[in-house]
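One structure below.
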Amino acid sequence: TQLLEQSPQFLSIQEGENLTVYCNSSSVFSSLQWYRQEPGEGPVLLVTVVTGGEVKKLKRLTFQFGDARKDSSLHITAAQPGDTGLYLCAGITIKAAGNKLTFGGGTRVLVKP
Amino acid sequence: EAGVAQSPRYKIIEKRQSVAFWCNPISGHATLYWYQQILGQGPKLLIQFQNNGVVDDSQLPKDRFSAERLKGVDSTLKIQPAKLEDSAVYLCASSQRGHFYNEQFFGPGTRLTVL
């Protein structure tokens, strides 16, 4: 069974501070996705990382995929209250009839003004 | 483009009762997923459909949960009888077949409380 562990589980910071969320697996995934989920809504895709060592930037968010494709990190620079939410990583298992996502437990981020 | 629709948004029932959730995916999306998200955890896949066929139901508690997608479009998920531990948000998602790193589009979920 492939498992993804996220850390920390909860993070509370002041506006303007930086934060990093980690996602670790004992297994290799073909690719990995990061989602953000707000209360009362479903998760929304932020990014897909595919290649070991890959770094992707989305405004103030930087995503990195480990060289061995077993871990990933999300770094937010100068966090804003709008960054508050549940951040989920998900490993992708490629299947012919539609890829399967295995989600981590999530990191709840609270950015206080 | 309309997103994934789910209803109801909230449901409160007593244990041993039955409940059903409905999902209408994005038009043209062949793959439909049902997830269970317990408070404080990430979503867990319950069942995956490709058109009207089941692709993966390995984590569906089949003694009490059932799901169907008869015409390959909308889907229903049923729990009968419900247990306290079934309290969770039930998310439906859909994706386009053939998109390699397919983005799954999620509905807002149905929050189920079992008393």
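The values are calculated or read from the model by the stated rules, or taken from the named source; none is laboratory data. Since the model is a prediction, treat every value here as computed from it, not as a measurement. With ideal geometry, Cβ positions are generated from the backbone for all residues, glycine too; neighbour counts draw on all protein chains shown. Just so you know, the surface numbers come from the protein's heavy atoms only, side chains and all, with ligands and any DNA or RNA stripped out. Shrake-Rupley method; radii C 1.70, N 1.55, O 1.52, S 1.80 Å.
Brief remarks follow.
- With all protein chains modelled, accessible area of B:Trp22 [1.4 Å, Å²]: 90
- The residues of region A:4-104 expose, per residue, 44 Å² of accessible area to a 1.4 Å probe.
- Computed accessible area, B:Phe105, all protein chains, 1.4 angstrom probe, square angstrom: 80
- The percentage of C-alpha pairs in chain A whose separation is greater than 25 Å is 17%.
- Remark: region A:104-113, residue by residue, has Karplus-estimated 3J(HN,Hα) of x, x, x, 10, 8, 10, 10, 10, 8, x Hz, where x stands for each Gly or Pro and the curve is 6.51 cos²θ - 1.76 cosθ + 1.60 at θ = phi - 60°.
- Restricting region B:1-72 to trypsin sites (Lys or Arg not before Pro) in coil, as DSSP defines it, with at most 14 other Cβ within 10 Å: B:Arg9, B:Lys15, B:Arg16, B:Lys62, B:Arg64, B:Lys71
- Whole-number percent relative contact order across chain B, with pairs defined as alpha carbons under 8 Å at least 6 apart: 37
- Once C-alpha pairs closer than 8 Å and six or more residues apart are averaged by separation and normalised to the residue number of chain A, the relative contact order reads 36 percent.
- Pairs over the 21 Å Cα-Cα cut-off, from the set A:Lys57/A:Lys95; B:Lys11/B:Lys83; A:Lys70/B:Lys62; A:Lys70/A:Lys112: A:Lys57/A:Lys95; A:Lys70/B:Lys62; A:Lys70/A:Lys112.
- The tail of the calculated P(r) for the protein assembly as shown beyond 34 Å holds 14 percent of all Cα-Cα pairs.
- Region B:1-83 - convex hull of alpha carbons, volume per residue in Å³: 105
- Phi to ³J(HN,Hα) by Karplus 6.51 cos²θ - 1.76 cosθ + 1.60 over region B:66-79, Hz, x for Gly, Pro: 9, 8, 9, 8, 4, 9, x, 10, 7, 9, 10, 10, 10, 10
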